[in-house]
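A.B. asks: Structure incoming, see below.
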Amino acid sequence: MILKGYIFGTVYALLCLALALVLYKLGMPKKYSRKLVHILVGAEWVILSHYMGATYHFLMVCLLFLVILLVSYLKNLMPMISSESDNAPGTVYYAVAMSIMAIICLFEKDMMLPFGIGVLCTSLGDGFAGVFGQMIKKINPKIYGNKSLYGTLANFAFSSGAAIFIKYAYGANIALWQCFMVGILSAGLELITVFGLDNIVITVGTALLSYAFINYSLINSFVIPIVATPFIIAIVLEKKVLTKSGLLLAMILDAVVSLTLGNFGFVLLCVFLFGSVLIDKVKKHRRGKDTVTKKEGCRDAIQVIANGLIPMIFAVLYSVTQSEAFLVGYVAALAEAFADTAASGMGVFSNNPFDLFKMRRVKCGLSGGMSLVGTASSLVAAFVIGAIALAFGAISPIVMVIASLAAFVGAVFDSFLGSVFQIKYKCKKCGEIVEREEHCATRCERYSGFEFFDNDVVNLFSGAFAATLAALLFYLIF
C-alpha cells in the first residue's frame, strides 16, 4: 500500500505538471495553466490519504514536491505555474501548506479529514475563484483589491462543496451548515491574503476550523467572528473606515470581545462600527466639510480606544466573574457609544441646537449642543443595541430597558461633559467657537474647558458612566 502511494502520488503530480506544460506550449495562457495545476493537484490528498494515511510517508511525498517546485521556481523551469503579475511562488506555498498539515497529522491523527477539507478548499475554492474571476468580465465588480465578486462567490461555492464532499465521502462528523461556514472562511481568507500566501492560509485556516467543528461543539459559539472577521478587515481597508493603527487596535478589541462573549459580543461590535460609519456618511453629506470638530474622516486609534476600551473591560470582567451585571454594562457601553454617534450624526438635521447646560444656542456640531432630532435618534440607537442583545437571548426584556436607558442617560452625560469640561477654542479671525486648534488658517485661542479634555476623553468617560450606571441598576434591582 505504501509503495503504491509513492508511485501513484508521484506519477499523478508529475502528470498534472506535464499536462499544464503541454497546454502552455500549445498556447494556453499562463493564468489558466497555473490554475489547472492548482485545481488538479488537490486530488493528491485523496491518493496519499488512501494509501498512506497519517504517516511520515505522506510527508515525504509532500517534501519531495516542495523541493521540486522550489527549484523549478528559482530556476524558472516551469513558467506555466508561476504568477503572471508578481511571480509569487503560489504553487510552492501550496506544497508548503501540505507539508505543514502532514506534520500536524503525525501528532494528531484526527486532523486527517480536516486536512483534506483544507487542501480541497485551496485546490477547488481558490483555484476556481481565479478561473471565474478572470473569465467573467462583465458585471463582475472588484470588491477588494483585484478580487472580484464572482471569484469570491466561486471560492465560497467550491470550498463549501469540498467540505460537503469530505463529509459524505469520508463520513466526517461535520454538519452541513458548518460546511458552508468553512466556505465563507475560505472566501474571506482568499480575499485579504496577499503575496500568494493564501495557499497556506486557506489550507491551514479551513483545516483548523473543520477540526474544531468536528471535535469541539463549543466552537459554534464563536463561529461568526471567525468567518466574518476577514470580510470586516476587507471592508474597513477598502472603505478607509479606520486608519491602520485604528484597524490594529480594533482587531485586538475584536479578538478580546469575541473570545469572551463569542458571536453575541462580536455582532454588537459590528452593528456599532458599521452603524456609526453609515451615520457619519449621512452627517458628512448633510454638512459637507467639518470646520468645527477636531477630527473628521476615518477613525484613528485614539477614537477606537475611546469608544471600545470600556466595552472590552466589561466583557473581560463578565468572562472572569460570570456576573450578569458586567454583561449589562457591556451592552450599555456600546449602546451609549452608538447613541452618541446617532445624536451628533442626526442632529445635523436640526438648525437650532441648544446647550442645555449653558442655556444658549450653539453652532450645529459643537459638543454640548442638543436637539430634538438628535436626542430622539440617540434614544432609538440605544434601544437598537439593546434589542439586538435581547434577540441573542443574552439579556431579558427588562434588562434590555435598563441597559438602553442607562446608555441614553450616558449620551446626555456626554453632552454635559462636552458643554462644561471639553476644550473649546475661539477663532481670532471670524470669532467662531470651535473644537480644533486652528481655524481660518489661524491658530485659535482657548475659550473654555480643559486642554486635555477633548472629545475622545468625553467619549471614554461617558461610556464608563453608562456602563457603570447600568451595572449598578442591575445589581440594585436584581
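A.B. asks: Scan the range 329-353 residue by residue and report those that are touching a Ser or Thr at 6+ places or on another chain (Cβ under 8 Å) and hydroxyl-bearing (S, T, Y).
C.D. replies: Within the range 329-353, T341, S350 meet the criteria.
A.B. asks: Going by the structure shown, is Y211 surrounded by fewer than 20 Cβ atoms within 10 Å (Cβ to Cβ), in the same structural domain as G42 (by TED's automatic domain parsing), of a type in the set (S, T, Y) and assigned to a helix (DSSP H, G or I)?
C.D. replies: no
A.B. asks: Kindly check whether there is at least one residue in the range 441-457 that is within 21 Å of S367 (Cβ to Cβ), aliphatic (A, V, I, L, M) and out of contact with any Gly (no Cβ under 9 Å at 6 or more places or on another chain).
C.D. replies: For the range 441-457, residues within 21 Å of S367 (Cβ to Cβ), aliphatic (A, V, I, L, M) and out of contact with any Gly (no Cβ under 9 Å at 6 or more places or on another chain): present.
A.B. asks: Scan the range 317-376 for residues that are assigned to a helix (DSSP H, G or I) and acidic (D, E) and jot them down.
C.D. replies: Hits for the range 317-376 are E324, E336, D340.
A.B. asks: Go through (1) among the β-branched types (V, I, T); (2) in contact with a strand residue (DSSP E or B) (Cβ under 7 Å, 6 or more places away or on another chain); (3) in contact (Cβ under 8 Å) with a residue 40 or more places away in the chain for T152 and report which single condition fails.
C.D. replies: (3)
A.B. asks: Same structure again: Of the residues in the range 155-166, how many are over 20 Å from the mean Cα position of the chain (by Cα) and more than 14 Å from L209 (Cβ to Cβ)?
C.D. replies: Count: 5.
A.B. asks: Can you name the residue in the range 427-478 that is among the β-branched types (V, I, T) and more than 22 Å from L417 (Cβ to Cβ) and is also surrounded by the fewest Cβ atoms within 10 Å (Cβ to Cβ) among such residues?
C.D. replies: Once the filter is applied, the top-ranked residue is I477.
A.B. asks: Condition first: at pLDDT below 85 and touching a His at 6+ places or on another chain (Cβ under 6 Å). Can you find one or more residues in the range 445-458 that meet it?
C.D. replies: No, the range 445-458 contains no residue that is at pLDDT below 85 and touching a His at 6+ places or on another chain (Cβ under 6 Å).
The values are calculated or read from the model by the stated rules, or taken from the named source; none is laboratory data. These numbers were taken from a predicted model, which means no experiment stands behind them. Note: ideal-geometry Cβ built from the backbone for every residue, glycine included; neighbour counts use all protein chains shown.
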